[in-house]
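One structure below.
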């Protein structure tokens, strides 16, 4: 009888221990999944950045639809504003999605602008100037540099090829300065094919 009780106690202890171990493993797996999901979301969010210079302000977006709404209406529904913090003292307005409006951190457009989030290897950026030109970038670093200095030193210019007849300027670098940026032109056209009329 004592032997049966000891065996039963051991079996129950082992079962409790296994359940605890399984619970810990499941928790760790769930945490790892959550981290991977968050990483994937961040990587997806750092693939695009859109910027519009309008009325002496910089408007910055990580969502094409919000950017297009701004270009059509001249305003954004949800925003975070930094007065006088632009490279030339401009006010910066980060146009937000409905999903991002209540966040205090983890907003891709803000993190990329602040240098906390690097652009993806397949990065695409657009800068719409007050002169009505569209600058297109394949690198967040090149886009940031253009914002700071106010120009793109190496470029391919396509006059009148924008969706409303704007001149489109494709930023080049020392590696591709003598080549037509075919892939970047195709990406620009594909993105603007999504544009609402």
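Observations, loosely collected:
- Calculated FRET efficiency for the pair residue 88/residue 65, C-beta based, R₀ 30 Å, to 0.05: 0.60
- Anisotropy class assigned to the range 69-130 is rounded, per the alpha carbon gyration tensor with a/c under the 1.5 cut-off.
- Pair residue 114, residue 141: separation of 7 Å Cα→Cβ label points (nm): 2.2 nm
- Additional length obtainable on full extension of the chain from residue 185 to residue 101, 0.36 nm per residue less Cα span: 27.0 nm
- In plain terms, the residue of 141, 151 with the fewest other Cβ atoms within 10 Å comes first and the most crowded comes last, giving 151, 141.
- Contour excess over end-to-end distance, with Cα ends at residue 159 and residue 122 and 0.36 nm allotted per residue: 10.8 nm
- Full extension of the chain between residue 151 and residue 193 yields a length gain of 12.5 nm, computed as 0.36 nm times the residue separation minus the alpha carbon distance.
- Modelled FRET efficiency - R0 22 Å, residue 167 with residue 54, Cβ distances, 0.05 increments: 0.80
We did not get these values from a lab; they are worked out from the coordinates using the rules stated. What you see is a predicted model; the values in this text were computed from it and never measured. Quick reminder, even Gly has a Cβ in these numbers, built from the backbone with ideal geometry, and neighbours come from all protein chains shown.
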